[in-house]
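Here the structure is laid out as structure tokens; the discussion comes afterwards.
The values are calculated or read from the model by the stated rules, or taken from the named source; none is laboratory data. What you are looking at is a predicted structure, and each value in this text was computed from that prediction instead of being measured. Note that each Cβ is placed from the backbone with ideal geometry, even for glycine, and that neighbours are counted across all protein chains shown.
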Amino acid sequence: MSTTTSSTHSASSILTIDEAAAYLAIPKATLYTWRTRRAGFGPRAVKFGSCLRYRRSDLDAWIADHLECFDEGTSAALQQGMAANSADDSAINSRQPRLGRG
């Protein structure tokens, strides 16, 4: 009977901190750190007495808010940075002696 309760609880939209950490694929300690040292950064939580719980919808919303978006300006900046790195690599490689070519 505990298996039924456990599987029902896992399918619930209210998650324990262990379940929330597993859902986000992060250590439980990270959730605690976000709550205490970086207030307002992590996903919203619900307190039930001394128990900390997370709503699956809040976790999903937090994930959506933290998606990386690359707009055209960001893409251009990344491409310029990559081109600069490539030029630097070419300059470095041209100054290095080639080994094994006699």
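What residue, among those in the range 13-29 that are among the small types (Gly, Ala, Ser) and within 16 Å of the chain's Cα centre (by Cα), is farthest from Phe48 (Cα to Cα)?
Checking each candidate, the answer is Ala25.
In the range 47-75, what count of residues is obtained for those that are assigned to a loop (DSSP other than H, G, I, E, B) and either touching a strand residue (DSSP E or B) at 6+ places or on another chain (Cβ under 8 Å) or of a type in the set (Phe, Trp, Tyr) (or both)?
Result for the range 47-75: 1.
Quick one: count up the residues across the range 30-50 that are farther than 15 Å from His66 by Cβ, surrounded by fewer than 10 Cβ atoms within 10 Å (Cβ to Cβ) and not basic (Lys, Arg).
5
Which one of the conditions (1) charged (D, E, K, R); (2) part of a loop (DSSP other than H, G, I, E, B); (3) modelled with pLDDT under 80 does Arg44 fail to meet, given that it meets all the rest?
Status for Arg44: all satisfied but (3).
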